Amino acid sequence: SLFPHCALRRWVQLEKERECPEGSEYVTVISPPNIVSEREREGKIPQIIHISSPNNCLPLATIQTLRDLVHQHISQAFTIYIHSSDTMDNFLFQREWNIFPQVKEGVLCGSGKLNMVTQLALREVKVGNNSTEQQQEIVDKISMGLKRDFWRYMVLWEYGGITMDIDTVHTILLDGSEATSLSSSNKTSHHRGYNTMRKLMHQWHSEKSDALLY
C-alpha cells in the first residue's frame with residue numbers, strides 16, 4: 001500500500017466506537033507525535049505494530065504504557081493499530097484479494113471444518129462439566145486462532161510491520177509478574193516490562209526484514 005496509515009485507520013475505525021467497562025478505554029490507534037523528518041533508518045521494516053485483540057477495549061494501564069513507549073522514544077517511533085475481531089473480519093472478507101483469491105473461502109471453510117472437529121472431540125473427552133456454553137467458548141477460541149493466523153499473514157503482506165496479540169503484549173509488559181494485569185503489577189516488574197518492550201522496539205527499528213510475526 002502506498003498510503004498504509006490512511007488505509008489502516010480506515011480498517012480499524014470502520015466500526016462505531018463502543019462503551020467500555022470501567023478500567024478500560026476504547027482505542028484503535030496509538031500514534032507518535034507529528035514529526036516532519038526524512039531521516040534515514042538502518043532497517044526497512046515499516047514502523048507499524050499490529051496488535052490483535054478480541055475487542056478495542058484495553059486496560060487503561062496497558063494503553064498508557066504503549067502511549068508512553070510511542071511518545072517517549074521518537075527515534076524508534078512506531079504507530080500501533082489495535083485490530084479487533086470485527087476489524088479482522090472486515091479486512092479479510094470485505095476487500096478483494098486478487099493475488100490470493102481463495103483467502104475468504106479458506107477462512108470460512110477452514111473455520112467450519114475445525115469447529116465441527118472440535119465439537120466432536122469435546123463431546124468425546126467431556127471437558128469440564130461438558131456444558132454447551134463451555135464447549136462453544138472453546139470452539140470460538142480455536143476458530144478465532146485460525147482466523148487470526150490468516151489475518152496475520154494477510155495484514156503483513158499488505159502493510160508490513162510487526163504483528164502480535166494482546167496476550168503477548170501483556171506478557172511482555174508484566175515481565176514475569178504473577179499479577180494478572182498491569183494495574184495490579186508492582187513497579188519493579190512494570191519497569192522491567194516497559195524496558196523489555198522498549199528494547200524490542202529498538203531492535204525492530206533496525207530490522208532488515210519487511211515484516212515480523214511475533
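Read-outs throughout are calculated quantities, based only on the coordinates presented, and are distinct from any laboratory measurement. Being a predicted model, the structure only gives us computed values, none of them experimental. When we count neighbours, we look across all protein chains shown, and the Cβ atoms used for this are built from the backbone with ideal geometry, even at glycine.
Computed quantities for the displayed model
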{"item": "Rg over Rh [alpha-carbon atoms, Kirkwood Rh] for segment 51-104", "result": "1.14"}
{"item": "Computed over segment 94-152, Kirkwood Rh from alpha-carbon pairs, angstrom", "result": "12.6 Å"}
{"item": "Estimated FRET transfer efficiency (Ala121, Ser24; beta-carbon r; R0 35 Å; 0.05)", "result": "0.55"}
